[in-house]
Structures are given as C-alpha cells and as structure tokens.
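*Asks:* One structure coming up, written as structure tokens, with questions to follow.
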Amino acid sequence: MDMTRDGMKKRAKGDSASAGAELHTYLTEDQELTLVSSDYSLLTDLYQLTMAVCYAGEGLAEKTASFELFARRLPTGFGYLIAMGLAQALDYLEKFRFSSQQIAALQATGIFDLAPTSFWQLLATGRFTGNVWAVPEGTAVFANQPLLRVEAPLWQAQLVETYLLNVLNYQTLIATRAARMRDVAGAEAILLEFGTRRAFSPQASIWAARAALAGGLDATSNVLAALKLNRLPSGTMAHALVMALAATEGSELDAFTAFHRYFPGAPLLIDTYDTIAAATQLAAKVQAGEMELAGVRLDSGDLVALSQKVRSLLPNVPIFASGDLDEYEIVRLQTAGANIDGYGIGTRLVTGEPVSGVYKLVEINGIPVMKEALGKFTYPGRKQIFRHLEKGQIQKDCLGLISDDANGSQPLMKLVFKEGDRLQPPEPLSEISQRTAQSVTSLPSETRRLDRPIPLPVEISPSLQVLTEQTRRSEGAIN
C-alpha cells in the first residue's frame, strides 16, 4: 500500500490507477448516496477491514472474541441514558453479507493487494454467526455499563463495530433527551418530534423519530418515519402558507379559514404577524360558532406572556409552543407560568453533545483482556449488569461477571441473538416507550433532575475486581 503523501491523496480522491474499472463500476459517482441494506457490510471504517486482513493472515479470524459497547461517561448534564437502537442493530446483523460485486470493488482499490486468500474467502462465504447480549431498549443505564455484547468469530465481531456504534449512540442520545423532556413536561403534555430538518442526515431523521417516540414523545412530523412505524404523522402549518394566502386571498384570517377548511383537526400557527391580533380574530370566529379550533401554535416571541394572553382570549383551545425548545426551556416556561399544553421539539432533540459509546474487546479465545490507557480504562471479561429494585425503585446497580450469582437482583442483559439467529421478533414501539417511562420513574430524584444530576453509583463485584487485578498483572493488559 502506497503510504506516501501523494499515494494517500490519490487513494482519497479515488483516482488511483489500481482502482481500475471494477471500482468505478461499483461506485460510479453515486450522487444520491442512499443507504440500502445490501450496503450494510461496506458501511464500516477502513481499519475494521485491515484488521480483519491481519486476523486472517495470523490465523486468528475464527477465534471467539467478545466486544462490549458502553459509554465511559455520560453527556454533560445527564444523570442516565436510555438504551435505544437495538432493533436496527439486530436487523443489520441479520443482513450482514458481502456480495461478489462489493468484494471486487475492495480488491480493485489496491489497498488489499497483500491480503491472504483466506480473507477473501471469509468475506465471500461469511455471515454473522455469533451471539448478542443486550439490555432491552428503553432501559436506563449508566457509565461503563454495557448496552450490548457481541460474542462471535473475531473477524465478524470486529467488522460490525462501526455500524453498531452509529445506530446505538445516536438513538440512545435521542431517546434519553426525549425521556428527559417527557419527565419534566409531565404525562399530560403533548410532545411532538419536529427534528427532521435538523437531524444529521435523512437516515438519522428516521432513527431520531423512532427513538423520540420510544423515549416518550407522542408523535412525529416525519411522514415517512410515522408510516414506517405504523403511526399517524402530526403537524401544523408554516408561516409561508399564512403569508401566501394572506397576500393572495386578502388577510391572515382568510388564510386560517382556508387551512381550517381542509384540516379542521390541525392547530393554526398564529404568530406570523401579530399573535394577539390573530388570537382576537379567531376568538371572534369561535364565539360566533363559525369555527372549532383544535389548537394554536406559537413559534416565537415571549412565549410566557403570549400564551397567557392567548389563553385569556381562547380559554378552551390547546396552545402549542415550538422554536428551539428543550427540557431546560420547558422547565423555564412552566416555572414562569406559561399556559402551554404541548411542545414541538426539533433541533435540540436531534442534535447536541453525543453519546460517546465505545466498543472494546474484553475477551479473546477465552482470555480476558483490558485497556489501561489513561482515561480509557476498560474492565476485562464478559459482564452482566445486576440491578437491585425495591418497590419498583432502583436501589443499586452492580457490574459483575456473567458467572456471578444474581443474589436476588435483576440481570439486565438478555441473549437476543444466538449463533447468528434472532431469538425474538422486534418489540412494538409501544412496549419500548412503556419500558422507558417505567425506567425513568424507577430512578432516584437526584438522578432525574436537570441541575447537576447525580448518576446512580455502580458497584463492581468482587469477582470482577479480582479479574481486573489478575488481568492487569498479566501480559494480556493492552496499553
């Protein structure tokens, strides 16, 4: 492989002579860049493939390896995480294959010219044949607790890392933020996911909608996501409609009347020009029996003062608010006495500080391994989370080995994939959202609060402590 600066530039541009016609046949400047399941195997980082080459060449590819996916620390201001994304992770593993065309494209890059024949045989005939243990979606977890463990031949367990981290990290972030918003807004508030235009990609917008619903939100404005999830999409209208119809049909009230004619069950956006004037005109229509309003939406201005005034004019009409809202802003509005019945939540739900989950080797060929680098320490061995509950409240968590006795605690990690086969069909979203709600209510109040939350302490079992010391002293410790 040409590792000179010029060589790396050529490969980065895709114009290396060794790439040849076969590479360009597979990747002919695909401007659409749409992800389909047949692409899953190539959606990985290059170093996963180069490591697999080494494993094949050194005779390690089929050795059984265990990798665990966890977050070393929680995002700033978070007291917990809500595990999410398992359904899509398992779907990925079910479909994990390399086609002959994909293999030809890899070969045409020239990067793998020295790869042994056994590597190409693995790709050509391989599929995911391992086991997966995971906490159920909607479960509250903490730092250093594995959301998922892969037990599989080393080459397989290595190649799936990138995709698993992508789907679990992102959906866990969205589900956690949604759960926090539901927690502070209360059970009666209507919470709508409006984040599609600010999600990091079209694919991410689908995952964000799913995770938001599973985390406790009521509906999404994303039509494709809603229909895929067997839900009704929900939304209102934009300022453009009000301006267009007001300009061509005479007035803002004419715009409201026209939209209401076609969608009487949708809230009206009333802050395009003068919120109070719009509410006053609508109040007159309602009082005259000419219109029954399903709700009004405020998207700008002083939401506290405006909502109070609108409530006085339209006392029985639900008021929705939107505009860069998050859990902190919801609390501020509630504390200030805003009269708001529901919230449309977008940018701050689908973006923000990431969940920086990692995927680390914990055992190879029955040998426990660990990493000791400063700030990146990992515990060795295959682990289980033991949760002690009393009257539905979490008392403590213990991170131990799979061989530890539960001692009356609840083991959280379940076997969900056995020898390459999924053990249960995907859970309904309603069950996951219910589990999320139960998980949040089971947490201590100091863990749920927004202001300097205190994560639940996680104990380390005596057997895991012993194994850690033994592994640290052995030559197997990875630095």
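*Asks:* Taking Q203 and the conditions (1) surrounded by 13 or more Cβ atoms within 10 Å (Cβ to Cβ); (2) free of Cβ contacts under 8 Å to residues at least 60 places away in the same chain, which numbered condition does it fall short on, given that it satisfies the others?
*Replies:* (2)
*Asks:* Let me ask you something else. Mind listing whichever residues of segment 60-102 are aromatic (F, W, Y), more than 30 Å from F112 (Cα to Cα) and touching a strand residue (DSSP E or B) at 6+ places or on another chain (Cβ under 9 Å)?
*Replies:* F70, Y80
*Asks:* Still on this structure: Tally the residues that are out of contact with any Pro (no Cβ under 8 Å at 6 or more places or on another chain), among the polar types (S, T, N, Q) and surrounded by 12 or more Cβ atoms within 10 Å (Cβ to Cβ), restricting the search to segment 222-264.
*Replies:* 3
*Asks:* Now for a separate question. Select from segment 364-418 the residues that are among the β-branched types (V, I, T) and open to solvent by less than 80 Å² (accessible area, probe 1.4 Å) and list them in ascending order.
*Replies:* I364, V369, T378, I385, I394, I402, V416
*Asks:* Quickly run through segment 136-153 and pick out the residues that are closer than 24 Å to Y47 by Cβ and open to solvent by less than 10 Å² (accessible area, probe 1.4 Å).
*Replies:* Answer for segment 136-153, where residues must be closer than 24 Å to Y47 by Cβ and open to solvent by less than 10 Å² (accessible area, probe 1.4 Å): P146, L148, R149, V150, A152.
*Asks:* Moving on to the next point. I need a count of the residues in segment 373-415 that are in a loop (DSSP other than H, G, I, E, B), touching a Cys at 6+ places or on another chain (Cβ under 9 Å) and of a type outside the set (S, T, N, Q).
*Replies:* Total meeting the criteria: 1.
*Asks:* Same structure, new question: Out of V304, V350, report the one residue that is touching a residue at least 12 places away in the same chain (Cβ under 8 Å) and under 30 Å from V160 (Cα atoms).
*Replies:* Within the list V304, V350, the selection yields V350.
*Asks:* For D39, all conditions in the list (1) acidic (D, E); (2) open to solvent by 30 Å² or more (accessible area, probe 1.4 Å); (3) at pLDDT 95 or above hold save one; what is the number of the exception?
*Replies:* Only one criterion in (1) acidic (D, E); (2) open to solvent by 30 Å² or more (accessible area, probe 1.4 Å); (3) at pLDDT 95 or above is unmet by D39, namely (3).
*Asks:* Let me ask something else. Do we have G215 as open to solvent by less than 50 Å² (accessible area, probe 1.4 Å), in contact (Cβ under 8 Å) with a residue 60 or more places away in the chain and under 24 Å from D326 (Cα atoms) here?
*Replies:* Yes, satisfied.
*Asks:* Sticking with this structure for a sec: For segment 61-97, what are the residues that are touching a helix residue (DSSP H, G or I) at 6+ places or on another chain (Cβ under 8 Å), in a loop (DSSP other than H, G, I, E, B) and open to solvent by 40 Å² or more (accessible area, probe 1.4 Å)?
*Replies:* E62, K63, K95, R97
*Asks:* If you go through segment 329-340 one residue at a time, do you hit one that is farther than 23 Å from T280 by Cα, surrounded by 21 or more Cβ atoms within 10 Å (Cβ to Cβ) and either touching a residue at least 60 places away in the same chain (Cβ under 8 Å) or not hydrophobic (A, V, I, L, M, F, W, C) (or both)?
*Replies:* yes
*Asks:* Considering only residues that are of a type in the set (D, E) and under 18 Å from T64 (Cα atoms), which ones fall in segment 124-171?
*Replies:* E151, E161
The values are calculated or read from the model by the stated rules, or taken from the named source; none is laboratory data. Owing to the predicted nature of the structure, the values given are computational and were not obtained by experimental measurement. All Cβ positions, even for glycine, are placed from backbone atoms using ideal geometry, and neighbour counts span all protein chains on display. Ligands, DNA and RNA are excluded from the accessible area calculation, which covers all protein heavy atoms including side chains. Shrake-Rupley method; radii C 1.70, N 1.55, O 1.52, S 1.80 Å.
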